[in-house]
Amino acid sequence: MLQHPKDEIRLIVVTTAGDIDDEFKLDRPLEHVFDKALREVGGEGDRDQFALEYHDAVLSNLSRTIGHFVKELDWTDGTQLEFVPKPVVV
Amino acid sequence: MGWREDARAEIDGLKPYWVSKHCWSPRVIEPEGEDVLDLIVTLGSKRLAGRILALRLRYQADWQIAGRREAFVDPDDPASEGLEHWPPAGDPNVRGINPMHDPPCICLRGAWGYHSVLHPDRPMDNRSLLDLLLELQWVLNE
């Protein structure tokens, strides 16, 4: 029987509060993951003071789809990201 | 709870994932006869070619307002402090760490240097120890 390709991926996001372990649609922008992590840490008012990272590199283009990162970085179910505060040096 | 219990609670509450990832090895020292609680944290720095540093965050009765008093100490002998244990001021320096300031201090939220020396108009607002350590780790690695 022909199988439909999976249209979701399970991602784990480690934050400074609770961790996120959820399925995300591949056609959604990565910003969707960022926003969920932002809510988890209660940082909604300080959006620019956080970063989403994979293998210690900041994922900067959040408007790209999750599917784009799956292809480019070989993400698989259970891939782990990190959500960290960015230093504010003034 | 008193200030000391609050300090212990936030240290004990450090998320094990981050402690393990960055090999912080937090240790608490309560010097006899002094009304302080010291947290010693080990920090590796990619920016400084893998140098291992030891940060002492000193909690005092006013820490929730004034910030945690910072100093870099000898990783092998935390009782020994001095500028030689701080990241260098010159190239490669570390953003936000100011060893040549009087007093030497760290310009990161949650540290005494930020809230009581450089930006006393900016309140602590419950800035967490974990956030401070992660931001410090960021600048040490970038």
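Given the conditions (1) within 14 Å of another protein chain (Cβ to nearest Cβ); (2) open to solvent by 80 Å² or more (accessible area, probe 1.4 Å), and given that A:LYS71 satisfies all but one, which numbered condition is not satisfied?
It fails just one condition, (1).
When you look at A:ASP21, is it without any contact (Cβ under 8 Å) to a residue 12 or more places away in the chain, surrounded by fewer than 14 Cβ atoms within 10 Å (Cβ to Cβ) and within 14 Å of chain B (Cβ to nearest Cβ), yes or no?
Here the answer is yes, as A:ASP21 does meet what is asked.
What are the residues in segment B:1-32 that are open to solvent by less than 60 Å² (accessible area, probe 1.4 Å) and among the aromatic types (Phe, Trp, Tyr), if any?
B:TRP3, B:TRP18, B:TRP24
Do we have any residue at all in segment B:88-105 that's more than 15 Å from the chain's Cα centre (by Cα) and of a type in the set (S, T, N, Q)?
The answer is yes; a qualifying residue exists.
Can you name the residue in segment B:111-128 that is closer than 18 Å to A:ALA17 by Cβ and more than 10 Å from chain A (Cβ to nearest Cβ) and is also farthest from the chain's Cα centre (by Cα) among such residues?
Filtering first and then ranking leaves B:ASP125.
Scan segment A:24-49 and report the pairs whose first residue is of a type in the set (Asp, Glu) and whose second residue is part of a strand (DSSP E or B) and open to solvent by less than 70 Å² (accessible area, probe 1.4 Å), with Cβ atoms within less than 8 Å and a gap of 6+ or a chain change.
So the pair list comes out as A:ASP27/A:THR65; A:GLU40/A:VAL13; A:GLU40/A:ILE20; A:GLU40/A:PHE83.
Condition first: at pLDDT below 95 and more than 14 Å from chain B (Cβ to nearest Cβ). Now tell me which residues in segment A:35-46 satisfy that.
Hit for segment A:35-46 is A:GLU44, nothing else.
For B:VAL94, work out the one condition from (1) in contact with a Pro (Cβ under 6 Å, 6 or more places away or on another chain); (2) under 25 Å from B:ASP121 (Cα atoms); (3) outside any loop (DSSP other than H, G, I, E, B) it doesn't fulfil.
Condition (3) is where B:VAL94 drops out.
Since A:LEU59 meets every condition but one in (1) away from every other protein chain (no Cβ under 14 Å); (2) open to solvent by 60 Å² or more (accessible area, probe 1.4 Å); (3) at pLDDT 95 or above, which condition does it not meet?
The number of the failed condition is (2).
Please find, within segment A:24-34, the residue that is farthest from the other protein chains (Cβ to nearest Cβ) out of those that are assigned to a strand (DSSP E or B) and open to solvent by less than 80 Å² (accessible area, probe 1.4 Å).
A:PRO29
Just to verify a result, which residue in segment A:74-90, among those that are crowded, with 19+ Cβ neighbours inside 10 Å and within 18 Å of A:GLU31 (Cα to Cα), is farthest from the other protein chains (Cβ to nearest Cβ)?
A:TRP75
Could you pull out the residue among A:LYS86, A:LYS25 that is at pLDDT 95 or above, out of contact with any helix residue (DSSP H, G or I) (no Cβ under 6 Å at 6 or more places or on another chain) and basic (Lys, Arg)?
The conditions single out A:LYS25.
The values are calculated or read from the model by the stated rules, or taken from the named source; none is laboratory data. None of these values were measured; they are calculated from a predicted model. Backbone-built Cβ (ideal geometry, glycine too); neighbour counts: all protein chains shown. Heads up: the accessible areas ignore ligands, DNA and RNA and are worked out on the full protein's heavy atoms, side chains in. Shrake-Rupley method; radii C 1.70, N 1.55, O 1.52, S 1.80 Å.
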